[in-house]
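Report on one structure; see the data block that follows.
The values are calculated or read from the model by the stated rules, or taken from the named source; none is laboratory data. The structure displayed is predicted, hence computed values, not measured ones. Neighbour counts run over all protein chains shown; Cβ positions are idealised from the backbone, glycine included. What goes into the accessible areas is simple: the full protein's heavy atoms, side chains included, and nothing from ligands, DNA or RNA. Shrake-Rupley method; radii C 1.70, N 1.55, O 1.52, S 1.80 Å.
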Amino acid sequence: MEDSAGVLALLKIVYTIYVFAVLSLIYWFAKGVSNPKGKPRIVKPGTFYIYVGLLIFVGVSIHIFTFNKIPWVETDFKRHTIEKDPSFDKSKQMYNIIARQNKDRNSPNHGEQKFILPKDRLNADGMLEIECGKYVVFDVVSEDLTYGFGLFRQDGSMVTQMQVNPGSRNDLMWQFHKNGVYHIRSTEYSGAKGGRHMTIKNAVVVKGCDVDDSRSMLGGN
Amino acid sequence: MSFINTLINGTEGGLKTDGLTPMQKVTLRAVVFGVLYYGLAVLEGQLMRANSVAPGLFEENHYFSIMTVHPIVGIFGSTYLIVFGAFTFLVPYLMKKPLYSIKIANITWMSIATGTLMSWLGGAIYHYAPLYTLYWPLPVDFEQFNPIGGLVFVLGIAIIMIGTLLFIYNTFATVFYTEEGHEKRPLKPLILSALGIDGMLNIWYKITGREPYAKEPAVSLPVVAIFRGTIDTFLDAMVILTCGILILVYIVGDLSGAAMDYTSVNALLYKNFFWWGLDLIADGLVLIYVAGTWYLLAMMITGKKLFMQNIARAALLLELIVSWMVWSHHLLGDQGQPNIMKLLSGEMVTAFELVTQGIAVFITLVTLWSAKPLKMDNRLKFLLAGIMGFMIAIPAAILQADMGLNRILHNTQWIIFTHVHAAILIGLTMTLYAAIYTLWPILTNDVKLYSQKLADIHFWGHLLGALGMSCFMGLAAMDGALRRTIYVDGEYNLYMILGAIAGTMILVSWAVFLVNVVLSIGIKGLIGIYTPSKIDTKDLVPASE
């Protein structure tokens, strides 16, 4: 099962190769088109149609590939079925989180924005404790602005995220397959007193997996 | 002494403004302001890059106000002015008739330049900082922003949009009006041609074994692209104006003591509406205008007709449909957005932008290839770099517009650098520089460039800087670096330093370009652009003696 770290590592390699391929192609073209010994070349329409077919194939197959290889896409599509399954226990697998701005003009923290975690769901270390492999839902309600909600590893890399709009459903279903401790932070700008200030370090802990998330263990391993 | 002389009078006498027509002057006025605003946008970008290396350089609210005005100055102040200025000249030039109204053209550039300054002041003085996305209800959140700042900012945007509507009116009027002394131009072939429908009909007629519908299209291909892009520009201006009015109502309400409840506007619905309009700038206007500019440059550089003309015309028509239906790719991270819209509009239709832009790349390159050997002059090398920029930037967007990848790329630096800055700084800006070098002799009556060496330094400095910044920040994104965020604990420091060095190269290369231009036309010539023309003519360029 692939996680975001694996997907991003693959993307880094693929896109770096692609950028170098583009640079090489343009360099080759520039040399060729300005070569004083070069002669005009007419490209056949057939070449053009093959090229367009290739573009369509690549454009569509990217999505087919990711649908089959990236697990959270299917989760997004099937989440309502999963939630209706008797094995899904909302009281244990759903976390209600609030995002709010301090509107008290007399408060020294006026304008400050923060996430409020469900107190009754925190463990002794003050974390949301998640069981490995179980589907969980983060249901975030904004009481005022548009925020973002993201989970991040200890090394800063992103696990997942969603937008948080006021007056809309903002619930993200996720499945963890590695042990680790994760931060919550807003991924959307909501003013100078939001964003990075809406970070809760070590907010989520995943336990019970056979493998550890090497990039997100407290203490580094 | 001779340097001072060159600075004041230009190279070999510089720009002789007495010999410029009103059309040449109005075009140059817009372009000069566009280039100056570009410098301001680059400087703002550099200030942000500097703050990312040394956090605390700016107060956070100041930093985000810079981030708010940066795209306003870059897109409207710079790109709109350069593009509108150039197209104001090119549409009549290609249609071989005078511009509908030079007066409107003058009001257009002045409105956009003034509106940009006003919006900039809204950020600079009042630190109004809802960012260009204006996610509801942030622009009317008076818990953190001064409503006066909002008023100045929004009125500035409104003035820009009024200037934009004037440009649109002037462009459409120029395409369709019948000039004095000319026999009445029939409307139907002009409309069919301007929309690219004749290209589609030609393909259909060929398939069905008939003679072409239009052997000589009524409108040349670059004008089709300009016309098509301008439709999106119009829709975009209407959406931005509507949102501006909405925000204005709330600002006036707050200032008059009758603050209104912002929950009466649904944030997700507003986001759909706003992104539908805003996306027309990126996916409609930029891609189509750019395709049209590439086609024009390829034809001017080679002196040949474009490869697969009819396909190119039909592709522009296809882009009309594509660009109106792709906005959901901005809402893939919004759980309230229906999955079917994410799938169809966000993923599938968006993927066709790979096709439409890919066609433009292919047709331009093949047209150039068919005329080799070509001289690698400023026009050609900037054009190739521009094409390269979009070849890097567009697939980055297609990847981002994937439900799987968007979940881990949304709001990271990937979209803003690997896509947006690669598209704008390498793709769009290099294309605009290619257009400037192509139009230079026509607009200045053949003023000699001060230094080719400086032009080369500008080219390489800009290219490597823009490429470097896009790549380094893109790599940071894949390690989790968010956009619109200040990192204060040294996270991603190496990428931030490399990004700042690359950004400095862009700023320096812009300064080199500016020096080269000023030393070519001279300060006298620069000032003379803004004095009334001494030639009373509707002709585009002075009549040859």
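Structural remarks
- Remark: the range B:260-367 carries a charge dipole of roughly 480 debye about the Cα centre, counting +1 on each Lys and Arg Cβ and -1 on each Asp and Glu Cβ.
- Stokes-Einstein translational diffusion, the range B:403-467 - Kirkwood Rh over all Cα pairs, 1.306 mPa s, 10 °C, in µm²/s: 113
- Scaled against 2.2 N^0.38 Å for its residue count N, the alpha carbon radius of gyration of the range A:1-117 is 1.95.
- 222 nm mean residue ellipticity, helices alone, for the protein assembly as shown (DSSP H n ≥ 4; -39,500 (n - 2.57); rounded to 500): -19000 deg cm²/dmol
- The range B:179-265: radius of gyration over Cα atoms, expressed as a fraction of 2.2 N^0.38 Å: 1.89
- When all alpha carbon pairs of the range B:385-519 are counted in 5 Å bins from zero, the resulting P(r) reads 2, 11, 17, 20, 16, 13, 9, 6, 4, 2, 1 %.
- Dividing the convex hull volume of the alpha carbon atoms of the range A:106-154 by its residue count gives 159 Å³ per residue.
- For the range A:1-70, alpha-carbon Rg relative to the globular expectation (2.2 N^0.38 Å, N residues): 1.59
- Among A:135, A:13, A:175 the positive-end extreme of the charge dipole of chain A (Cβ point charges): A:13
- Zero-based 10 Å bins, Cα pair distances in chain A, whole percents: 7, 24, 28, 17, 11, 8, 4, 1
- Accessible area (Å², 1.4 Å probe, nearest 10) - residue B:12: 140
- Placing +1 on the Cβ of every Lys and Arg and -1 on the Cβ of every Asp and Glu, with no other charges, gives the range A:1-89 a dipole of roughly 1060 debye about its Cα centre.
- Radius, Kirkwood style, for the protein assembly as shown when every pair of distinct Cα atoms is counted (Å): 27.4
- Charge dipole (the range B:349-449, unit charges on Cβ, about Cα centre) - positive-most of B:349, B:401, B:430: B:430
- Percent carbon-and-sulfur accessible area, the protein assembly as shown, ignoring ligands, DNA and RNA, probe 1.4 Å: 66
- GNM result for chain A, Cα springs below 10 Å: residue of A:123, A:68, A:35 fluctuating most strongly: A:35
- Other protein chain C-beta atoms within 10 Å of residue C-beta, averaged over A:36-48: 4.
- Entry note: the range B:83-159 has Rg to Rh equal to 1.20, where both radii use alpha-carbon atoms and Rh is the Kirkwood radius.
- Surface accessible to a 1.4 Å probe, residue A:181 within the full protein complex, Å²: 10
- Cβ-placed point charges (K, R +1; D, E -1), dipole of chain B about Cα centre in debye, nearest 20: 1700
- Euclidean distance of C-alpha centroids, the range B:251-272 and the range A:22-80, integer Å: 44
- Of all complete DSSP H helices in chain B, those with a Cα span along the helix axis of 20 Å or greater and a mean Kyte-Doolittle hydropathy of -0.5 or more are B:22-53, B:81-95, B:102-126, B:147-176, B:221-255, B:287-302, B:309-324, B:350-369, B:378-400, B:429-444, B:452-478, B:493-528.
- Long-range tail of P(r) for the range B:323-388 (Cα pairs > 13 Å, %): 70
- Percent of alpha-carbon pairs separated by more than 23 Å within the range B:1-132: 48
- Members of the range A:156-194 that become less accessible by 40 Å² or more once partner protein chains are added (1.4 angstrom probe, chain alone as reference): A:158, A:161, A:163, A:165, A:169, A:185, A:187, A:188, A:189, A:192
- Taking every DSSP beta bridge that has both ends in the protein assembly as shown, the antiparallel portion is near 70%.
- The convex hull defined by the C-alpha atoms of the range B:354-403 has an orientation-averaged projected area of 3.6 nm².
- Residue among B:252, B:527, A:164 farthest towards the positive dipole end of the protein assembly as shown, charges placed on Cβ: B:527
- The share of Cα pairs per 20 Å bin across chain B, counted from zero up to the longest distance, runs 21, 57, 21, 1 percent.
- Accessible area per residue for the range B:164-247 is 47 Å², calculated with a 1.4 Å probe on protein heavy atoms, without ligands, DNA or RNA.
- Kirkwood-type radius of the range B:30-73, with distances r between different C-alpha atoms, in Å: 10.9
- For the protein assembly as shown, the Cys residues with no second cysteine's beta carbon closer than 4.7 Å are B:243, B:471.
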